[in-house]
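Bear in mind these aren't lab numbers, they're just calculated from the coordinates by the rules spelled out. Owing to the predicted nature of the structure, the values given are computational and were not obtained by experimental measurement. Ideal geometry is used to build each Cβ from the backbone, glycine not excepted, and the neighbour counts take in all protein chains shown.
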């Protein structure tokens, strides 16, 4: 299958490109380097530098023999996107080309408006490119479990059958996103749901939990092929923050009570899920949703697990609770369904002590590069 | 109360400005003339020309003694919006500054992306202007009943209490919008719901049905003070189309089966609703929704009523069914709750034969200006 990856230089985009090309797909990657520029501007550089996308593609071809098409440009620029579509004629598109950080979206008005316009215009452009230039091309869009928030009922997989006053209706599952970023990820889904119904598009929305891990089967022994590892307060995840804090000898910082529970998954499983979605496409007119994670943890659970794994490596780790810069429930019901991808054949990798120790060892090898000033939260949700 | 009206030159914005200023409010109007420019560009001029906003304000001051502040500029331009906020210090803002046409949003990619960015960036800018420059200022945003679509259960007023697997949760009522325009009106509500919770904003979202009528108490005897009357396929409503077709002696065009049922209201009631919302503001942190209409009609009902009123004026009127250019249910359950505004004191005006005859007489006085080429649909939902 010819697969176009929008956001192909990102944390997920680059490993997806290698993964799909190794499995026989013809792959083109497009990226506008937003993440690189924002990391540089905000002093949020990843722990381990990675080459640019042309160089990554060159290295990957040298070790694997698979050639990737590389396009540097912006999916919000329809001239660019339509040139890529016309040249490559994708049969599937994986849409990662969105601003992916909740704190970034809450920094200030400019960042909020950028997040809104980037995430929605890129999606609207993609919809039109498919309808006009590549009819039948399926769209796999990265979503987030964060769109659901933490409702007091079970989170179903995309849709909710409601009984009300003796009548029934099946709705798209209502969303309660907790940051402007998460709002835009509900909104991009609304766009895709609408156009799939009107124009018969084939869409899969992967409502994914936070991902962990850097190395994949494809990154192999060349560290230049690994994906990025952000641990900062803008682009880092809570688990990456804990891993770096453990290695740096500073306390793990839990926001608030630490009962915030989310679904997590290994980077290797993200790659498998994307390929499963592509190989088992949505039907024409179908907006299909998968809840993409393999295990749920409260933040406190993650802290305890990192502490235990670090202890086995001889690192003494404290945990400290900070006032929560976000507005979110810190103790809540959380029961999301996630059977769709298992039914397609996903074989999960779990967050074992060995996985945590492997990541701690990776961070330890780059201990000298850690900038602890990048870690503590500087963006507050409340005005 | 100092009230800023964004979109103050529009079909609702201008009569709202007169109405509120006559009731003792200090009023500023801002508009970027999008609608005028689009009407000119698309050959969709209103039936009766109206003066520009500065001239309208001059005429209104001459007859009423009330001075309006006039600002020509774009709410998507934050420099402009923040200058208006700093100078006027509004205590309430009425947000009408959105692209209001479903067919416009479905014309092509450029119009879709314009609708998306205009409607969401104007809302995001407003939220930030209130939070940064006028804390406590309430926001009254024009929404649309169209965001709900036509679900098979009762449409509650904004929120839906769901019981699921023995547990309960109250969601914002799920939306099933039927055009890209309607999608953006659900999305602007998502933005306001989010920021009201995070920043304690006071927001009322008026989910309004199609409005009819031109004259109000304030437009009085000077036709230059009346609002615009669009009957074209882009900015016209179904009722306006029928009234013009009846006068022009061409058949009333019903799209599809004509069972499409919606909630309608008189322009005078829109003005009353907006003032009721302002005088009874939402609480800090509250995103309040009213379903704003007074009666429901199927399209076929409207055709029959226009036919009957026209007959009384000696006009013989035929009805013709066209293939539906939209994708929508043509026969469906429709039971929307609309008690909130009645509880605040709304005294409805209904769509009586006298009201219809009054509008037919108005159109008849401008019969020579009718351009029937503007009426038939040219924008199809399906690709």
Considering the Cα trace of the range A:3-116, what is its radius of gyration and what is Dmax, both in angstroms? 14.7, 45
Here the whole-number average of other chain Cβ atoms within 10 Å per Cβ of A:198-205 is 2
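Taking R0 as 45 Å, what's the FRET efficiency between residue A:350 and residue B:161 from their Cβ-Cβ distance, rounded to 0.05? All intermediate terms of the calculation are to be shown ahead of the outcome.
Numbers: r = 37 Å, r/R0 = 0.82.
After rounding, the FRET efficiency stands at 0.75.
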Report the equivalent ellipsoid semi-axes for the range A:199-264 in whole Å, largest first, defined as the square roots of five times the eigenvalues of the gyration tensor built from alpha carbon atoms. 27, 22, 9
Counting only DSSP beta bridges with both residues in chain A, tell me the antiparallel percent, nearest 5. 20
Relative to 2.2 N^0.38 Å, what does the C-alpha radius of gyration of chain A come to as a ratio? Two decimals please. 0.95
One decimal, nm, shortest first: give the distances between the label point of residue A:343 and those of the same position in the other copies, each label point 7 Å from Cα along Cα→Cβ. 4.1
Based only on Cα atoms, what mean projected area does the convex hull of the range A:172-303 have, in nm²? 10.0
When the scattering of the range B:245-383 is computed by the Debye formula from its Cα atoms alone, each counted once and equally, what is log10 I(q)/I(0) at q = 0.12 Å⁻¹? -0.65
Eigenvalues of the alpha-carbon gyration tensor of the range B:96-183, times 5 and square-rooted, give semi-axes in Å, largest first, of 27, 22, 10
Which order do the peptides A:301-314, A:92-105, A:339-352 take when ranked by the mean count of other beta-carbon atoms within 10 Å per residue, highest first? A:92-105, A:301-314, A:339-352
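Using helices alone, I'd like the mean residue ellipticity at 222 nm for chain B: each DSSP H run of four-plus residues gives -39500 (n - 2.57), total over residue count, nearest 500.
Numbers: 12 runs with 146 residues, N = 383.
Mean residue ellipticity, 222 nm, calculated: -12000 deg cm²/dmol.
Take the alpha-carbon positions of the range A:292-342, form their convex hull, and give its projected area averaged over all directions (one quarter of the hull surface) in nm². It would help to have the intermediate numbers written out before the result.
Working: hull surface 21.6 nm².
Mean projected area for the range A:292-342: 5.4 nm², to one decimal.
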Can you tell me the Rg and the Dmax, both Å, for the Cα atoms in the protein assembly as shown? 27.7, 96
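At a Förster radius of 35 Å, what calculated FRET efficiency corresponds to the Cβ-Cβ distance of residue B:367 and residue B:335, to the nearest 0.05? It would help to have the intermediate numbers written out before the result.
Numbers: r = 39 Å, r/R0 = 1.11.
Taking R0 as 35 Å, the efficiency between residue B:367 and residue B:335 is 0.35.
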Going out from 0 in 10 Å bins, what whole percent of all Cα-Cα distances in the range A:53-114 drops into each bin? 17, 33, 33, 15, 2
In Å, the Kirkwood hydrodynamic radius of the range B:157-237 over pairs of distinct alpha carbons? 16.4
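Give the average, rounded to an integer, of partner chain Cβ atoms located within 10 angstrom of each Cβ in B:118-130.
3
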Highest mean first, how do B:196-208, A:75-87, B:222-234 rank when packing is the count of other Cβ atoms within 10 Å averaged over residues? B:196-208, B:222-234, A:75-87
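Would you mind giving the mean number of other chain beta-carbons within 10 Å of the Cβ of each residue in B:139-147, as a whole number?
Details: counts 0, 0, 0, 0, 0, 0, 0, 0, 0.
Per residue, the average neighbour count from other chains is 0.
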